[in-house]
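Peer 1: Just passing along the structure, written as structure tokens.
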Amino acid sequence: MTVAAMQRPPKVARQSSAAGVRLALSGDWTLFASHRLEEEGRRIVEEARLDRMVTIDLSQVSQLDTAGAWLINRARHDLAGRDVAVTLKDVRPEYATLLEEAHYRAFVAPSRPRFNVIFVLLADFGESIVDALREFYRGVGFLGEFVSSMIYVAANPRRFRLTSLVAQIELVGFRSVPIIVLINVLVGGIVAQQGIFQLLKFGASSYTVSLIGILVLRELGVLLTSIMIAGRSGSAITAELGSMKMREEIDALLVMGLSPIEVLIAPRVLGLVISLPILAFLADIAALFGGMVVSWWYGGISPAAFASLLKEAIALHTFLVGIIKAPFMALVIGLIASMDGLATQGSAESLGRQVTSSVVKSIFMVIVMDGLFAVFFAAIDY
Amino acid sequence: MTSSLTHANDVARQRLNRDVIISVRDLVVGFGDKTIMKGLSLDVYRGEVLGFVGGSGQGKSVLTRAILGLVPTRGGAIRVFGQDRDALAPLERRALEQRWGVLFQNGALFSGLTVKQNIQMPMREMRDISQRLMDELAMLKLELVGLSPDAADKFPSELSGGMVKRAALARALALDPELVFLDEPTSGLDPISAAEFDALIGTLQQTLGLTVFMVTHDLDSLYSICDRVAALAEGRVIAAGPLETLLASDHPWLKAYFHGVRGGRLTAARVEQKDEQWKPAPTTP
């Protein structure tokens with residue numbers, strides 16, 4: 001037997017007699033009846049609104065809950081407003097308590113000030129600009145805090161958390177190797193394939209090798225690695241620190257006289273700074289390998305030929321241009337992730353927002369940094 | 001032990017003359033190679049407030065979670081409202097779940113919703129009623145649990161511990177359940193708020209005709225609002241019955257619990273008060 005089958009729908013029956021109008025309520029006056037209950041509540045008012053004296057008979061009510069009691073009381077209140085005298089009849093003692101607890105009162109919702117849409121739009125726009133500037137200001141402050149705590153740790157090497165750093169390197173660096181290598185093999189292969197197809201029109205398909213070499217070593221290897229790490233490890237750092245903030249673990253550190261930057265953030269950021277160049281190096285090798293395989297397969301360039309062409313196309317500085325960027329990318333990812341994690345408020349929603357913002361900002365900043373480096377290296381002719 | 005337990009249960013059943021709302025028989029629950037419940041049996045009668053006590057880590061919360069279906073069981077039967085939850089079709093199970101309300105230990109309010117939205121959540125999802133009625137009922141529930149109307153639009157992170165418990169109780173009561181589970185409702189509250197909360201549960205229980213299953217460590221709650229108390233130790237219910245029965249028990253754990261340093265002081269105080277013909281009336285907020 002289901003619960004629904006056991007329910008008796010709420011009903012209102014009107015009976016007029018010489019003694020006046022009697023509304024007999026019956027069935028289950030509970031929230032289970034949903035809108036049925038609301039309709040019957042309204043019907044009490046409709047049936048009795050033109051009378052002077054009404055008796056509401058509750059003897060047939062098989063169940064009553066707060067919602068039912070509230071609707072009966074609301075109807076009584078509405079009828080009283082229309083000068084209808086209402087009396088309740090045959091109220092069981094337990095219903096009487098409930099009706100008393102749920103007596104009608106108007107709940108005034110706290111009024112919210114309303115503004116013009118354009119006004120709100122402009123205000124939001126201004127606010128987001130100010131917020132962005134503040135964020136930048138806070139970011140610079142955070143960087144300063146990080147650097148000063150690094151100097152402090154350098155002066156007191158015993159305070160350095162080596163175990164934590166090694167754990168972070170394993171988490172961020174070692175465990176990212178498979179995915180980083182995989183996507184870079186694929187991207188190297190795709191670049192090679194496109195290079196061969198496009199350059200074939202000019203009969204210059206052997207230039208594919210220098211295309212792959214320079215593009216991968218200078219830009220793609222480090223950029224793809226940074227973006228992957230921003231998504232993979234930056235988000236993890238933000239979520240970790242954010243949930244620690246929500247559970248007051250950060251506050252616990254502070255009151256112990258420990259600095260969260262030294263204990264939590266330094267190992268993570270340093271772990272990133274150490275891991276990212278290594279990952280970028282692996283990414284370079286993987287992409288070159290992918291390029292070589294596709295060149296051999298599609299373009300008929302043998303690995304030996306690929307190697308000698310590559311040797312002519314690139315120099316040590318080509319590789320260095322890429323790899324020098326890696327620690328800076330790591331620093332930006334780590335700091336943004338940590339800062340956003342610590343900015344988490346109490347709710348789960350806020351944590352989600354911070355993680356999203358951390359990843360989006362990191363990727364954006366990684367690309368901006370890459371652009372700045374490109375301008376810089378062009379200027380110094382490296 | 002078992003025969004005296006069944007006897008105590010029979011006495012209580014006759015005394016209350018009410019039907020069984022939760023029946024747990026020979027329940028076995030374990031995690032990994034650790035067995036926590038070793039053939040536990042317990043009855044909860046309609047309309048009573050059952051206090052459930054036990055040492056920390058003995059599995060009080062595990063039993064609650066097993067009854068609620070949050071923890072897989074390894075053996076035994078749990079029947080709530082006379083129905084075996086595992087044997088029900090999904091729709092019937094949902095209907096069953098709407099007949100109980102749960103107050104989790106830390107409130108478990110949805111942090112992304114305001115207090116009012118939290119209370120309206122079950123109504124919105126399970127019932128088809130107008131926004132006006134939902135608003136009115138939410139405010140009514142808020143008032144019932146003793147929260148001021150301006151708490152309605154606050155987020156859980158803006159509330160104090162006591163307010164979180166009250167708001168969570170309001171949410172547990174949103175659909176006017178017949179059965180309410182309270183997991184340590186007074187833990188983390190100051191004695192005044194705890195006494196108010198006890199009184200509140202007592203009042204609500206009488207007004208709404210609730211059955212209350214309350215896991216607690218608060219001896220005051222046991223004294224002031226519980227009709228019956230069940231004690232858990234060694235994976236079994238070692239005693240169940242009116243508080244006086246448990247106080248008179250010879251079981252070493254119960255002796256330590258009620259007549260130890262903290263329990264003893266309170267028990268002595270209560271006995272003294274009873275001698276002076278003082279009735280421990282619940283404090284009204």
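Peer 1: With farther than 22 Å from A:Ile250 by Cα, of a type in the set (S, T, N, Q) and in contact (Cβ under 8 Å) with a residue 60 or more places away in the chain as the only criterion, which of A:Ser358, A:Ser362 stands out?
Peer 2: Working: A:Ser358 fails: farther than 22 Å from A:Ile250 by Cα.
Every option except A:Ser362 fails the conditions.
Peer 1: Which ones in the stretch B:147-187 are within 14 Å of another protein chain (Cβ to nearest Cβ) and farther than 28 Å from A:Gly68 by Cα?
Peer 2: Answer for the stretch B:147-187, where residues must be within 14 Å of another protein chain (Cβ to nearest Cβ) and farther than 28 Å from A:Gly68 by Cα: B:Phe155, B:Pro156, B:Ser157, B:Glu158, B:Leu159, B:Ser160, B:Gly161.
Peer 1: Filter the stretch B:107-130 for residues that are of a type in the set (S, T, N, Q) and away from every other protein chain (no Cβ under 11 Å); which is surrounded by the most Cβ atoms within 10 Å (Cβ to Cβ)?
Peer 2: Here the residue is B:Asn118.
Peer 1: Can you pull out the residues in the stretch B:70-106 that are within 14 Å of chain A (Cβ to nearest Cβ) and under 30 Å from B:Phe155 (Cα atoms)?
Peer 2: The answer is B:Arg94, B:Ala95, B:Leu96, B:Glu97, B:Gln98, B:Arg99, B:Trp100, B:Gly101, B:Asn106.
Peer 1: Looking only at residues that are over 21 Å from A:Asp51 (Cα atoms) and modelled with pLDDT of 75 or more in the stretch A:1-25, which one is surrounded by the fewest Cβ atoms within 10 Å (Cβ to Cβ)? Talk me through it step by step, then tell me what you get.
Peer 2: Of the residues in the stretch A:1-25, the ones over 21 Å from A:Asp51 (Cα atoms) are A:1-10.
The next check asks that each one be modelled with pLDDT of 75 or more; those that pass are A:8-10.
Details: A:Arg8: 15, A:Pro9: 13, A:Pro10: 26.
By that ranking, first place goes to A:Pro9.
Peer 1: Tally up the residues in the stretch A:236-279 that are surrounded by fewer than 20 Cβ atoms within 10 Å (Cβ to Cβ) and small (Gly, Ala, Ser), please.
Peer 2: Final tally of qualifying residues: 6.
Peer 1: Hey, another quick one. In the stretch A:114-140, which residues are aromatic (Phe, Trp, Tyr) and within 21 Å of the chain's Cα centre (by Cα)? Can you show your working first?
Peer 2: Taking the stretch A:114-140 first, the residues aromatic (Phe, Trp, Tyr) are A:115, A:119, A:125, A:136-137.
Hit for the stretch A:114-140 is A:Phe136, nothing else.
Peer 1: I'd like to check something: does the stretch A:111-120 contain any residue that is within 14 Å of another protein chain (Cβ to nearest Cβ) and polar (S, T, N, Q)? So that I can check it myself, show each step before the final result.
Peer 2: Within the stretch A:111-120, the first condition is being within 14 Å of another protein chain (Cβ to nearest Cβ), and the residues that meet it are A:111-113.
Now drop any that are not polar (S, T, N, Q), which leaves A:111.
Yes, the stretch A:111-120 contains a residue that is within 14 Å of another protein chain (Cβ to nearest Cβ) and polar (S, T, N, Q).
Peer 1: I need the helices (runs of 4 or more DSSP H) fully contained in the stretch A:1-100, keeping only those with at least 1 residues that are in contact with a Leu (Cβ under 7 Å, 6 or more places away or on another chain) and of a type outside the set (Asp, Glu).
Peer 2: Values: elements: A:3-6, A:35-48, A:66-81.
Passing ranges, in order: A:35-48, A:66-81.
Peer 1: B:Ile225 versus (1) farther than 28 Å from A:Thr97 by Cα; (2) surrounded by fewer than 23 Cβ atoms within 10 Å (Cβ to Cβ): which is the lone unmet condition?
Peer 2: Going through (1) farther than 28 Å from A:Thr97 by Cα; (2) surrounded by fewer than 23 Cβ atoms within 10 Å (Cβ to Cβ) one by one, B:Ile225 breaks only (1).
The values are calculated or read from the model by the stated rules, or taken from the named source; none is laboratory data. Please read these numbers as outputs of a predicted model, since none were measured by experiment. No Cβ is skipped: glycine too gets one built from the backbone with ideal geometry, and neighbour counts run over all protein chains shown.
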